[in-house]
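Computed from the coordinates by the stated procedures, all read-outs in this text should not be read as laboratory data. As the structure is a prediction and not an experimental result, all values here were calculated from the model. Here the Cβ positions follow ideal geometry from the backbone for every residue, glycine too, while neighbour counts run over all protein chains shown.
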Amino acid sequence: MLSAQPFLEGRHKHVKKRVVHIGFFTMTVIILIYIFYIGIKNILRYNAFKQELSNAFLQLEEEYRLNRLYKRQLADIDKPEFWEIQAKEQLGFVKKGEVVYKLYK
C-alpha cells in the first residue's frame, strides 16, 4: 500500500515556505510605506521651516530699512531745516513773506 505521507509533507513545506515569503513581503511593504510616510512628513516640515526662515529674512530686511530711516532722521535732528519743516508740517508755521497754497480735492 502506498502512503500519501511523503506527498503531504512536501506540500506542507511548500505552503509553509510560501506563507513565510508572503509574510516577509508584507512586512517589507509595511516598512517601505512607513519610510515614505516619514519622508513625506519631513519634507513638509522642511518646507514649513524654509517658509518661516524666508519670512524671518523679509522681516529682518524691513527692520534694517526702518533702522536706516531712523538713523537718517536722528542725523537730521541737528539741522535747523529739520525743525523748520517740522514746525510747518505739524504746527502750520509760516515765515514772513511766504505764501501758503492749500489744495483741496
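General remarks:
- Projecting the Cα positions of 66, 39, 53 onto the charge dipole of the chain (unit charges on Cβ atoms of Lys, Arg, Asp and Glu, taken about the Cα centre) puts 39 furthest along the positive direction.
- Dimensions in Å of region 5-91 - Rg and Dmax from alpha carbons: 35.9, 114
- Centroid-to-centroid separation of region 34-77 and region 81-105 [C-alpha atoms, Å]: 41
- Tally of Lys pairs whose C-alpha atoms are under 30 Å apart, taken over region 5-91, 8 or more apart or cross-chain: 4
- The chymotrypsin sites (Phe, Trp or Tyr not before Pro) of region 71-105 that DSSP puts in a loop, and whose beta carbon has at most 10 other beta carbons within 10 Å, are 101, 104.
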